[in-house]
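Here is the structure we will look at, set down as structure tokens.
What follows draws every value from the coordinates through simple rules; no lab data is involved. Keep in mind the model is a prediction, meaning the values are calculated, not measured. All Cβ positions, even for glycine, are placed from backbone atoms using ideal geometry, and neighbour counts span all protein chains on display.
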Amino acid sequence: MSHYTAIVSWARGDQAFVDNRYSRGHVWWFDGGIEVPASSSPSVIPLPMSRAEAVDPEEAFVASLSSCHMLWFLAIAAKNKFVVDHYEDRAEGIMAKNPQGKYAMTRVTLRPLVTFSGPDQPDQTRLKALHHTAHEECYIASSVLTEVLCEPRYT
């Protein structure tokens, strides 16, 4: 069993608060000392109460799924002796009402583009199988109810 932590910190400062016009800007702290500016999404809470330049929970959710998939993909590719030179995913999450009528991240689509080098490179069938295995192994995808799709882009 592994244990993971994050510190999420927000302070009111001199804001009135009860008028509901307070800043949603806050900070995420992770082990190793990294500090990430965070906020509500401007599409949920309008500016200036949100911070457009900060990461919002919805973006972090999509990035978490994408990052987990990529890390598994790289490990599986290396195990299969495929040399990966570059990996880029243009992941997208869709927020919509779920069957219970609540807003939820109902779909995340991963769109990875992988560049390989060396004499042994996967064809499209093998590449699709590598992505399928990465998806099956991804801890984050296994942890959520959201439909997670993978639509690899090909060069």
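Loop-located trypsin sites (Lys or Arg not before Pro) in the stretch 38-85 (DSSP state other than H, G, I, E, B) with a sparse environment of at most 10 neighbouring Cβ atoms within 10 Å: Lys81. Compared with the dominant Cα axis of the chain, that is its longest principal axis, helix 124-137 is turned about 50°.
Exposure proxy ranking for His132, His26, His3, His69, based on other Cβ atoms within 10 angstrom of each Cβ and starting from the fewest, stands as His3, His132, His26, His69. Across Thr133, Thr106, Thr125, mean-square fluctuation computed from a Gaussian network of the chain (C-alpha pairs under 10 Å connected) peaks at Thr125.
How fast does the chain diffuse by Stokes-Einstein, in µm²/s, taking the Kirkwood radius from C-alpha pairs at 4 °C and 1.567 mPa s?
Rounded to a whole number, D works out at 73 µm²/s.
Residue exposure proxy: Met1, Met70, Met49, ordered by other Cβ atoms within 10 angstrom of their Cβ from fewest to most, comes out as Met1, Met49, Met70. Take the alpha carbon atoms of the stretch 80-155, find their center, do the same for the stretch 1-58, and report the distance between the two centers in whole angstrom. One Cα centre to the other: 27 Å.
Any idea what angle helix 57-79 forms with the longest principal axis of the chain, computed on alpha-carbon atoms, 0 to 90 degrees, nearest 10? Once rounded, the angle reads 20 degrees. For Ala38, the residues 5 or more places off, or on other chains, whose built amide H falls under 5 Å of its own are His26, Val27, Trp28, Val55.
Could you tell me what percent of the DSSP beta bridges with both partners in the chain are antiparallel, to the nearest 5?
Close to 75 percent.
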